[in-house]
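Worksheet for the structure shown next.
Quick note: the coordinates plus some simple rules give every number you see, no bench work behind them. Bear in mind the structure is a predicted one, so any value in this text is a computation, not a measurement. Using ideal geometry, Cβ is built from the backbone for each residue, glycine included, and neighbour counts are taken over all protein chains shown.
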Ligand code: ATP
Ligand code: MG
């Protein structure tokens, strides 16, 4: 297992670009990294039918973003309750921030804890490839594990490899809602990338599959953060 200096990473990428897959791989390889996925967190709240889940589900089912103030509070609370607001912890965020407003709020919050972001990586996957993937995607909601019937099928059809629990299709992975999410991403990512390019922490890794992207991502992280 490789040792890293404290890494505070944001993964950017279109819906279906493989942020969740890259996250699982990184967590396996670098035991010190923790992760927060905004989408996974919200899906769990929906499954538990909490007040937050009820609020979130109407946005999510329509492929719309939650208001900045709401999601920013959720992620801030999660960082705090998991003790990640220190300059010693290593973590990555998947799915947050999604807007410049969210990015600015996060910067402010982190700087008061001496834990500013130190890397932002955009996963650059051609959008035709992504559209193909989505119909084959299944998820295990409690863990956030993602399967693809073509590239990464579960060992037993319809069941999570680790727990044996049922997999489900995300209701926002339909062609219609997915198209909206992709359009939404295209409109918000450019200013977000500019925000981080100005800070000198933005990198991009490109590829058509997660297996091509992953080694590039690891090389990048090791170059900058290996002890
Ligand atoms: P994928 O999981 O395929 O990478 P995605 O990034 O579009 O796709 P999630 O991150 O799982 O999907 O988010 C699902 C939904 O949850 C979004 O469409 C949105 O409604 C809501 N959501 C998640 N993160 C945020 C955020 N940072 N700001 C606002 N809404 C969010
Ligand atoms: Mg995701």
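So the values come out like this:
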quantity	calculated
Alpha carbon convex hull of the stretch 93-140, projected area averaged over orientations, nm²	5.0
Protection proxy ranking of 9-21, 77-89 - average other beta-carbon atoms within 10 Å, highest first	9-21, 77-89
Per-selection Kirkwood Rh - the stretch 1-130 (Cα, Å, 1 d.p.)	15.4
Extension gain, residue 77 back to residue 193 (0.36 nm per residue minus Cα-Cα distance, nm)	39.3 nm
Radius, Kirkwood style, for the stretch 79-209 when every pair of distinct Cα atoms is counted (Å)	17.1
Unit Cα scatterers, Debye sum, the stretch 128-205: log10 I(q)/I(0) for q = 0.13, 0.26, 0.27 Å⁻¹	-0.56, -1.11, -1.15
Antiparallel %, DSSP beta bridges [both residues in the chain], to 5	30
Computed helical MRE - 222 nm, the chain, DSSP H runs ≥ 4 contributing -39500 (n - 2.57), nearest 500	-15000 deg cm²/dmol
Alpha carbon convex hull of the stretch 1-57, volume per residue in cubic angstrom	106
Residue-span extension gain [residue 116 to residue 219] - 0.36 nm each, minus C-alpha spacing	34.9 nm
Kirkwood Rh and Cα Rg combined as Rg over Rh, evaluated for the chain	0.93
Tail fraction, Cα-Cα pairs, the stretch 55-115, threshold 19 Å, whole percent	31
Taking the C-alpha atoms of the stretch 161-227, convex hull volume expressed per residue in Å³	161
Rounded if a/c under 1.5, otherwise prolate or oblate - the stretch 107-163, Cα gyration tensor axes	oblate
Efficiency of FRET between residue 175 and residue 226 - r from beta-carbon atoms, R0 45 angstrom, step 0.05	0.60
Kirkwood-type radius of the stretch 65-152, with distances r between different C-alpha atoms, in Å	15.3
Förster radius 25 Å - calculated FRET efficiency between residue 107 and residue 183, Cβ distance, rounded to 0.05	0.40
